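Structure first, commentary second.
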Amino acid sequence: MPVQGQDDYPRMPYQLPFPKDAQEEIVIPDAVAVDERVWVPQTENVSFRPLCLNRSQGYWMNLLRVRKSGVLSRHRHPQPVHGFVLKGRWHYLEHDWVAQEGGYVFEPPGETHTLVVPDDVDEMITYFQVNGVMLYVDPWGKTMGYEDVFTKIDMCRKHYEEVGLGADYVEQFIR
Ligand SMILES: [Fe+2]
C-alpha cells in the first residue's frame, strides 16, 4: 500500500488518459455570480444559481439566495441535503437552531421544513446539495407540488432565454 512520501515522482502529473466515458469537469470561477441574469428567480425574494445539475444521478448543487425577509415554502426531503452558509443567516420554522455564515448543515431524509430569513438580514446565500426531490407540502404533509433536477433545468432554460443568455446557457451545468 503506497504511503504519502514514497512517491518517486511527486510532481509528475498522472500520465494516462482519463476514462473515455468520464464526463467533463465543471469549473465556475464566479460561483457567487455578479451578473444578475445568472440568478434564476423562484419567487419575489428567492432565487438560485445553478452549479451542477446532475440529471444522471438526480441531484443538484446550487446557491440559494434569499433577500429581505423571504421564505422558502414548506417542503419535504425524502433524500439528504447538505448546506454550507456563505452569507447571512436563516433558520427553519421546524428547528430551534440557526444556520450562520460559515456554518454547515446536514438534513437527513425525512425532513420537512420551512426556510425563513430574519428581518435584519438583507441577503443570505447558501450552497445546497439537494438529492432527488423537494415535495412542497401543506402543514399536514399533503403534497402541493415538487421540484427535481429536471424542473430546475426547465426553470433555468426558460429564464436564460428570457434574459438573453439563451436557453442553451444551462447546458454547461448539466451532467
Ligand atoms: Fe429543504
(message) Considering just Cα atoms, how many Å³ per residue does the convex hull of segment 92-148 enclose?
(response) 119
(request) Compute the Rg/Rh shape ratio of the chain: radius of gyration over Kirkwood radius, all on alpha-carbon atoms. (result) 1.05
(request) List the chymotrypsin sites (Phe, Trp or Tyr not before Pro) within segment 110-154 that fall in a DSSP loop (any state other than H, G, I, E or B) and whose Cβ has at most 16 other Cβ atoms within 10 Å. (result) 140
(request) Among the trypsin sites (Lys or Arg not before Pro) in segment 71-168, which ones are in a DSSP loop with at most 11 other Cβ atoms within 10 Å of the Cβ? Mind listing them? (result) 142
(message) I need to check one value: relative contact order of segment 1-110, counting alpha carbon pairs closer than 8 Å and at least 6 residues apart, in percent.
(response) 16
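Which of the trypsin sites (Lys or Arg not before Pro) across segment 7-73 are loop residues per DSSP, with 10 or fewer other Cβ within 10 Å?
Here the sparse-neighbourhood loop sites are 11, 20.
Can you give the relative contact order of segment 92-144 as a percent, counting alpha carbon pairs under 8 Å and 6+ residues apart?
This gives 27 percent for segment 92-144.
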(message) Taking the 0 to 90 degree range and rounding to the nearest ten, how far is the long axis of helix 149-162 tilted relative to the main principal axis of the chain, both from C-alpha atoms?
(response) 80
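Sum -39500 (n - 2.57) across every DSSP H segment of at least 4 residues in the chain, then divide by the residue count to get the 222 nm mean residue ellipticity, nearest 500.
-2500 deg cm²/dmol
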(message) Tell me the volume per residue, in Å³, of the convex hull enclosing the alpha carbons of segment 52-146.
(response) 95
(message) As a test of the definition: which semi-axes, in Å, follow for segment 16-106 when you take the square root of five times each eigenvalue of its alpha carbon gyration tensor? Largest first, please.
(response) 28, 17, 14
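Any read-out appearing in this document is the output of simple, stated calculations on the displayed coordinates, not a laboratory observation. Computed from a predicted structure; not experimentally measured. Note that we place each Cβ from the backbone using ideal geometry, even for glycine, and neighbour counts take in every protein chain shown.
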